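Below is one structure, written out as structure tokens, with a few remarks after it.
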Amino acid sequence: MNLILLGPPGAGKGTQARRLEDTRGLVQLSTGDMLRALVASGSPLGQQAKDIMAAGKLVPDELVIEMISQRIDQPDVKNGFILDGFPRTVAQAEALDKMLADKGLKLNHVIEMKVDDAALVERITGRYTCAKCGKGYHDTFEKPKVDGVCDQCGGTEFKRRADDNAETVTTRLDQYHQQTAPILPYYASRGVLKGVDGMADIDVVTEQIAAILG
Ligand code: ADP
Ligand code: ADP
Ligand code: ZN
């Protein structure tokens, strides 16, 4: 099964994608994670991406399209994938269609996670992850069971993203409404678009997605 989780920054795409990895054996393909790895590599391409991401803008379509195309070819993706953060422009959605057709693959569901802008600011500014295993947390909405200790791996170091600050959030939300939201009618017209209430509790959203996937 191949899915897209579509929604603004902070909607809960990564949180739900990781749950789907555990329950369905799918692989999360996050262009944000791939780009952060590219930045960490210190390559010239990574340096260019770093400045764009810090400003809350979108990196060039060609870069993310090529990253996704190469990743989908890897053997661990053969049971299916969850795209998280891609496509983010109509050009990326069109390139994805062509890429999947060329590879003999198809999309089963595109799931829109709907969350109000006001809630997203709080989601993003309170977000952090375990430095060791990458499990996501939130200062208010998803705390570790034992303060300062990761539920999943016992790690005690956590990190916050450089772009998860109140200043950048506004630009990122503008980019979503201007560049990414126009993808929704594109998928609606193909009959693959479903919606979930991303404002609900994390477990409730998981149930809504499960109901769509069957
Ligand atoms: P995205 O990948 O869409 O940017 P995340 O999955 O990283 O979003 O979620 C953003 C933050 O909000 C994280 O700190 C996460 O723990 C929290 N979060 C995710 N889903 C919910 C939810 N349904 N209700 C409250 N907080 C949530
Ligand atoms: P979030 O879900 O919180 O918006 P991501 O981790 O998906 O965060 O993306 C972080 C940043 O990486 C984006 O603000 C953008 O600069 C860049 N990025 C990620 N995916 C894409 C994409 N598909 N196209 C262009 N830029 C992207
Ligand atoms: Zn951990």
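General remarks:
- Residues that are touching a residue at least 40 places away in the same chain (Cβ under 8 Å) and either exposed (fewer than 15 other Cβ atoms within 10 Å of the Cβ) or in contact with a strand residue (DSSP E or B) (Cβ under 9 Å, 6 or more places away or on another chain) (or both) are absent from segment 39-52 altogether.
- Among the residues listed as Gly191, Gly136, Gly154, Gly195, the single one being at pLDDT below 95 and not hydrophobic (A, V, I, L, M, F, W, C): Gly191
- Of all residues in segment 76-84, one or more are away from ligand 2 (no atom under 16 Å from the Cβ) and open to solvent by less than 20 Å² (accessible area, probe 1.4 Å).
- Unmet requirement for Ala118, which otherwise passes all of (1) farther than 25 Å from Gly198 by Cβ; (2) without any contact (Cβ under 8 Å) to a residue 24 or more places away in the chain: (1)
- Per-region count, segment 122-157, residues within 11 Å of ligand 1 (Cβ to nearest atom) and either open to solvent by 70 Å² or more (accessible area, probe 1.4 Å) or farther than 19 Å from Asp22 by Cβ (or both): 11
- Residue selected from segment 166-186 under the condition among the polar types (S, T, N, Q) and away from ligand 1 (no atom under 14 Å from the Cβ), by the criterion most open to solvent (accessible area, probe 1.4 Å): Gln178
Here's the yes/no breakdown for (1) modelled with pLDDT of 95 or more; (2) touching a Ser or Thr at 6+ places or on another chain (Cβ under 7 Å); (3) over 29 Å from Gln152 (Cα atoms); (4) among the acidic types (Asp, Glu):
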position: Ser30; (1), (2), (3), (4): yes, no, no, no
position: Gly56; (1), (2), (3), (4): yes, yes, yes, no
position: Val59; (1), (2), (3), (4): yes, no, yes, no
position: Gly80; (1), (2), (3), (4): yes, no, no, no
position: Phe86; (1), (2), (3), (4): yes, yes, no, no
position: Lys103; (1), (2), (3), (4): yes, no, yes, no
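- Checked against (1) under 23 Å from Arg71 (Cβ atoms); (2) surrounded by fewer than 17 Cβ atoms within 10 Å (Cβ to Cβ); (3) touching a residue at least 24 places away in the same chain (Cβ under 8 Å), Gly195 passes all but condition (1).
- Of the residues making up segment 19-29, one or more are hydrophobic (A, V, I, L, M, F, W, C) and within 15 Å of ligand 2 (Cβ to nearest atom).
- Subset of segment 3-26 (residues that are surrounded by fewer than 20 Cβ atoms within 10 Å (Cβ to Cβ) and touching a strand residue (DSSP E or B) at 6+ places or on another chain (Cβ under 8 Å)): Arg18, Glu21, Leu26
- Qualifying residue in segment 114-121 (condition: open to solvent by 60 Å² or more (accessible area, probe 1.4 Å) and within 20 Å of Arg19 (Cβ to Cβ)): yes
- Those residues of segment 123-137 which are within 13 Å of ligand 2 (Cβ to nearest atom) and either touching an Asp or Glu at 6+ places or on another chain (Cβ under 9 Å) or polar (S, T, N, Q) (or both), in sequence order: Ile124, Thr125, Gly126, Arg127, Tyr128, Thr129, Gly134, Gly136
- Filter pass, Asn108 being at pLDDT below 95 and in contact with a helix residue (DSSP H, G or I) (Cβ under 9 Å, 6 or more places away or on another chain): no
- Any helices (runs of 4 or more DSSP H) falling wholly within segment 29-130 and containing at least 2 residues that are over 30 Å from Val149 (Cβ atoms) and among the small types (Gly, Ala, Ser): 44-54, 90-103
The values are calculated or read from the model by the stated rules, or taken from the named source; none is laboratory data. Computed from a predicted structure; not experimentally measured. All Cβ positions, glycine included, derive from the backbone under ideal geometry; neighbour counts span all protein chains shown. The protein model used for the area step is the full one, side chains on, heavy atoms only, and it has no ligands, DNA or RNA in it. Shrake-Rupley method; radii C 1.70, N 1.55, O 1.52, S 1.80 Å.
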